[in-house]
Amino acid sequence: MDLSNFEVDNSVSCRLSSSIPDACRTEDCCLGIDEAGRGPVLGPMVYGICFCPVSRKEDLKNLKVADSKTLTEAERENLFLKLDEVKGFIGWALQILSPNTISTSMLQRAKYNLNALSHDAAIGLVQYALDSGVQLKEVFVDTVGPAEKYQEKLSQRFPGVEVTVRPKADSLFPIVSAASICAKVARDHAVKSWKFAEDLGDVDTDYGSGYPNDPKTKSWLLKYLDPVFGYPQFVRFSWSTAQTLMDSKAVAVHWDDDEEDGEKAAARKNNTSMLSYFSREKPSEVSQSRDTHRFFTERKLQSINTL
């Protein structure tokens, strides 16, 4: 699977897709939706759709697709190749949600939680299929949140399309299983070939499953926690696991507010105020010459004395 478009800038989300089969533009089609990587603290979450003519459901079933979680990595890769080879009647599309997109969305002032992010990714992919000319008649979805409410939401958004939302839909409907395989293969590739924008040297890629309760993942998070700037963009810093480690291991920072003079509060806590960075005269402890941190050079930020 070619993820080069995503790898150009893996700090933002990206859509990838196959060509649209001619048969899908002229025949009634079914479409399945599933995701991979909802729970891990590392790497992207990938939403996938797969679609084919209703008349070819049996042909899809004959490919022996199954829930991606029940398959080995080699089996998933082999099945994705099979799906990609039958371009005459099967199409697919993916929305790769970067860790940075997920975390900034969840922590922005107007809260945008993971369920809402997931719903919007799924809706965007269905709309993409419709805009591409796919004659959608049936949509099958693995639920996120209460199935009945999600089904009603999708039915209202796409009138004229028969929507079915079920728990474990990836094990009930072959078209959802196919979408599950596409999403999981994409996430596996993205995680394995992740290009770190940060200068971390020779990165240890033995980060385990990426799930918060995995000891290897926890060890990796501790190893690559910068005490000032936190984690590389490979990490979903909005996850409680990452936040807990930052709270306990990172440098304490006093954030100035209106309740108390910032400089005095910082001094009382034996900290340097954030405002001191912008002052004309630097505190003695930070006045010595040193290289500017990459956080500032990457963003082309510098301190100025006058406007």
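Just to be sure I understand, how many residues within segment 228-248 are at positive phi and touching a residue at least 24 places away in the same chain (Cβ under 8 Å)?
Filtering segment 228-248 for residues at positive phi gives 230.
Restricting the remaining residues to those that are touching a residue at least 24 places away in the same chain (Cβ under 8 Å) gives none.
Residues meeting the conditions: 0.
If you scan segment 10-50, which residues turn out to be under 18 Å from P99 (Cβ atoms) and either part of a loop (DSSP other than H, G, I, E, B) or β-branched (V, I, T) (or both)? Steps first, answer last, please.
If we filter segment 10-50 for residues that are under 18 Å from P99 (Cβ atoms), which is where we start, we get 10-16, 35-48.
N10, S11, V12, S13, G37, R38, G39, P40, V41, G43, P44, V46 - these are the residues of segment 10-50 that are under 18 Å from P99 (Cβ atoms) and either part of a loop (DSSP other than H, G, I, E, B) or β-branched (V, I, T) (or both).
Under the condition of being among the aromatic types (F, W, Y) and touching a Lys or Arg at 6+ places or on another chain (Cβ under 9 Å), which residue from segment 75-124 is farthest from D22 (Cα to Cα)? Outline the logic, then answer.
Residues of segment 75-124 among the aromatic types (F, W, Y): 80, 89, 92, 112.
So of that shortlist, the ones also touching a Lys or Arg at 6+ places or on another chain (Cβ under 9 Å) come out as 80, 89.
Values: F80: 20, F89: 8 Å.
The qualifying residue farthest from D22 (Cα to Cα) is F80.
Could you look through segment 117-154, keep only residues that are small (G, A, S), part of a helix (DSSP H, G or I) and over 18 Å from D170 (Cα atoms), and pick out the one that is least open to solvent (accessible area, probe 1.4 Å)?
Start the filter on segment 117-154 by keeping residues that are small (G, A, S), which leaves 118, 121-122, 124, 129, 132-133, 145, 147.
Of the ones still in play, those that are also part of a helix (DSSP H, G or I) are 118, 121-122, 124, 129, 147.
So of that shortlist, the ones also over 18 Å from D170 (Cα atoms) come out as 124, 129.
Values: G124: 22, A129: 0 Å².
Among those residues, the one meeting the criterion is A129.
What number of residues in segment 7-62 are surrounded by 14 or more Cβ atoms within 10 Å (Cβ to Cβ), within 10 Å of the chain's Cα centre (by Cα) and of a type in the set (S, T, Y)?
2
Between R38, R56, R15, R76, which is touching a residue at least 12 places away in the same chain (Cβ under 8 Å), of a type in the set (K, R) and over 27 Å from G145 (Cβ atoms)?
Details: R38 fails: over 27 Å from G145 (Cβ atoms); R15 fails: over 27 Å from G145 (Cβ atoms); R76 fails: over 27 Å from G145 (Cβ atoms).
Testing whether each residue is touching a residue at least 12 places away in the same chain (Cβ under 8 Å), of a type in the set (K, R) and over 27 Å from G145 (Cβ atoms) leaves just R56.
Against the condition of a type in the set (D, E), over 24 Å from E7 (Cα atoms) and touching a Cys at 6+ places or on another chain (Cβ under 8 Å), how does E138 come out, does it pass? It would help to see each step written out before you state the result.
Values: of a type in the set (D, E): yes; over 24 Å from E7 (Cα atoms): yes; touching a Cys at 6+ places or on another chain (Cβ under 8 Å): yes.
So E138 passes the test.
Among the residues in segment 187-210, are any open to solvent by less than 20 Å² (accessible area, probe 1.4 Å), polar (S, T, N, Q) and either modelled with pLDDT under 90 or within 20 Å of the chain's Cα centre (by Cα) (or both)?
Checked against the condition, which is being open to solvent by less than 20 Å² (accessible area, probe 1.4 Å), polar (S, T, N, Q) and either modelled with pLDDT under 90 or within 20 Å of the chain's Cα centre (by Cα) (or both), segment 187-210 yields no hits at all.
I'm checking my understanding of the structure. Among residues of segment 88-101 that are part of a helix (DSSP H, G or I) and touching a Phe, Trp or Tyr at 6+ places or on another chain (Cβ under 9 Å), which one is least open to solvent (accessible area, probe 1.4 Å)?
Across segment 88-101, the extreme among qualifying residues is P99.
Would segment 156-176 turn up any residue that is in contact (Cβ under 8 Å) with a residue 40 or more places away in the chain and under 20 Å from P99 (Cα atoms)?
Of segment 156-176, the ones in contact (Cβ under 8 Å) with a residue 40 or more places away in the chain are 168-171, 173-176.
Retained after the next criterion (residues that are under 20 Å from P99 (Cα atoms)): none.
No, segment 156-176 contains no residue that is in contact (Cβ under 8 Å) with a residue 40 or more places away in the chain and under 20 Å from P99 (Cα atoms).
The values are calculated or read from the model by the stated rules, or taken from the named source; none is laboratory data. All figures in this text were calculated on a predicted structure; none of them were measured in a lab. Don't worry about glycine lacking a Cβ; one is built from the backbone with ideal geometry, like all the others, and counts go over all protein chains shown. What goes into the accessible areas is simple: the full protein's heavy atoms, side chains included, and nothing from ligands, DNA or RNA. Shrake-Rupley method; radii C 1.70, N 1.55, O 1.52, S 1.80 Å.
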